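J.: My structure is below; once you've seen it, I'll send some questions.
Just so it is clear, none of the values below were taken in a lab; they were calculated from the coordinates. Every value quoted in this text rests on a predicted model; they were computed, and no experiment measured them. Because the Cβ atoms are built from the backbone with ideal geometry, glycine has one as well, and the counts that use them run over all protein chains shown.
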Amino acid sequence: MFHTYRVMAPEVIADIIDGEAVIMNLKTGQYFSSDGVGSECWDALASGLSVELLVERLAASYAADRATIESAVAGFVQDLLSHELIAPSDAPPPDAVSPSARSRSSFQAPVLNVYSDMQDLLLLDPIHDVDAAGWPMPKGETAAWPAPKSETAV
Amino acid sequence: MALPNAGEEPGRLAISVVCIVRNGEAYLEAALRSVFASTYPILEVLVVDGGSTDRTAEIAAAMGARVLPQRSTGIADAYNEGIAAARGDCVAFISHDDLWDPTKLEKQVAFLTRNPEALLCFCHVRHVLEGTVTPLGFREELLDRSVPGLIMEALLARRETFDLVGPFDSAFPVGNDTDWFGRARDRGLELAVLSETLVIKRVHGKNATLNPEGYNRQLMDVVRASVARKRSQPAGDGR
């Protein structure tokens, strides 16, 4: 039995930048970060890899016993679930990704950092987009208004 | 410039009002009228015009505002230009499609006067839908109720706040206010919000194509910058 998950889009958006997963829950206004193994776990789960294959992959990459990895991943998944960042998915998992060939490094249990300090700010932000010059784009207008005096791209 | 209610009394906080706008002819006059109806004297109204192709500058000048053609581009730098030009002890902001309660400044100035250590304060705002269709991407739960206005248009800030927190970051074309408030909070500033509803914000599809995906991507950048700030602080701060 494989356990796969899906990201709770569109309320949850995430990105991996410089090896760190940054996740935002627009429903709660909380945001999250996780680096190292945590970022690896997020990336794998978000792309539909099952927990079982993720554990297998980590066991091949890190010098830790399988039980340690299994329990760390289970805890991380629980954190993601409790913050409504992922939900169980029925989709079949993609083919197993072969473990990376690097030598086994020490295992640091994945940690989900939770930030609530901008909750009020993020929840109050009306949503809008801007044109190429950085001003809200009038409806029906493409960004073809006269070029500003300074041509700095925004 | 002689504003009907301009005045600089000794010991009284002088207020500059900054309105950044691009093509705001539809609502600008009503917005500025609500500013000039303020029960608290206003030192000056600065309209930073981001290259409008409509009657924005004309309307602003006719209403008695000082029009500053924007030299830079984008919302963040429009704010920065307006703040740099402001001569008041405090700066307040209004969007071209907002309406102020006449007592907005009076109540906010009273708060800052009562709390000399406070650098800034906000008020509650009410979002009112123009027409019948909520623009795509707008948070419907914000409509027709009074919500804490942690937005530029509800802010009154002493000018030293801007030196302390720094300029609005043009790297965030739309999330620059969220970023600035986050930076202010990380510097230990309290974002006090008055309980009164003193700003009405019109919500309309006329002036903004709402694209949640593009906007959210920019919020991610703001959030990432916040994570980076937290990491450079002692553990436990700001969490």
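J.: Pick out which of B:85, B:228, B:157 has the largest mean-square fluctuation in a Gaussian network model of chain B, springs linking Cα atoms closer than 10 Å.
T.: Of B:85, B:228, B:157, the Gaussian network model singles out B:228 as fluctuating most.
J.: Taking the Cα centroid of the range B:135-187 and of the range B:15-91, what is the distance between the two, rounded to the nearest whole Å?
T.: 18
J.: Under unit Cβ charges (Lys, Arg +1; Asp, Glu -1), what dipole magnitude, rounded to 20 debye, does the range A:4-124 have relative to its Cα centre?
T.: Rounded to the nearest 20 debye, it is 260 debye.
J.: Taking amide H positions as placed in the peptide plane 1.01 Å from N, state which residues far from residue B:88 in sequence (5 or more) or on other chains have amide H under 5 Å from it.
T.: HN-HN under 5 Å from residue B:88: B:16.
J.: If you don't mind, another one. Picking from A:61, A:49, A:119, whose Cα lies most toward the positive end of the charge dipole for the range A:4-124 (charges on Cβ: Lys, Arg +1; Asp, Glu -1)?
T.: A:61
J.: Quick one: if you stick a label point 7 Å off each Cα along the C-beta vector at residue A:105 and residue B:132, how many nm between them?
T.: Reported label-point gap for residue A:105 and residue B:132 is 6.0 nm.
J.: Which of the aspartates and glutamates could a cross-linker bridge to residue B:230, judged by Cα under 20 Å and excluding same-chain residues fewer than eight apart?
T.: Straight-distance partners of residue B:230: A:15, A:18, A:20, A:35, A:117, A:120, B:169, B:177, B:179, B:186, B:190, B:221.
J.: Right, another one. Take chain B, connect every pair of alpha-carbon atoms lying under 10 Å apart with a spring to form a Gaussian network, then pick out the residue of B:130, B:25, B:81 with the largest mean-square fluctuation.
T.: In this elastic network of chain B, the residue with the biggest mean-square fluctuation among B:130, B:25, B:81 is B:130.
J.: Just check chain B against the gyration tensor rule for me: Cα atoms, a ≥ b ≥ c as the square roots of the eigenvalues, rounded for a/c under 1.5, and otherwise prolate or oblate depending on whether a/b exceeds b/c.
T.: rounded
J.: Per DSSP helix of 4 or more residues, -39500 (n - 2.57); summed, then divided by the residues of chain B. What does that give at 222 nm, rounded to the nearest 500?
T.: Mean residue ellipticity at 222 nm (helix-derived): -10000 deg cm²/dmol.
J.: Between residue A:66 and residue B:140, how many nm apart are label points set 7 Å from Cα along the C-beta direction?
T.: Between residue A:66 and residue B:140, the simple spin-label model gives 4.9 nm.
J.: For the pair residue A:28 and residue B:195, how long in nm is the line joining their label points, each one 7 Å along Cα→Cβ?
T.: Taking the simple label geometry, residue A:28 and residue B:195 are separated by 2.9 nm.
J.: Mind giving me the FRET efficiency for residue A:47 and residue A:116? R0 is 25 Å, r the Cβ-Cβ distance, nearest 0.05 is fine.
T.: The value I calculate is 0.40.
J.: Now a separate question. Can you work out ³J(HN,Hα) from phi for every residue in the range B:113-129, in order, using Karplus 6.51 cos²θ - 1.76 cosθ + 1.60 and θ = phi - 60°, giving whole Hz and x for Gly and Pro?
T.: Those phi angles translate into 6, 5, 10, x, 7, 6, 8, 7, 8, 10, 9, 7, 10, 10, 8, 10, 7 Hz.
J.: Next up: Whose amide H sits under 5 Å from the amide H of residue A:64, counting only residues 5 or more places off or on another chain, with H placed in the peptide plane?
T.: The answer is none.
J.: Tell me, what is the FRET efficiency for residue B:113 and residue B:54 to the nearest 0.05, using R0 = 41 angstrom and their Cβ-Cβ distance as r?
T.: 0.60
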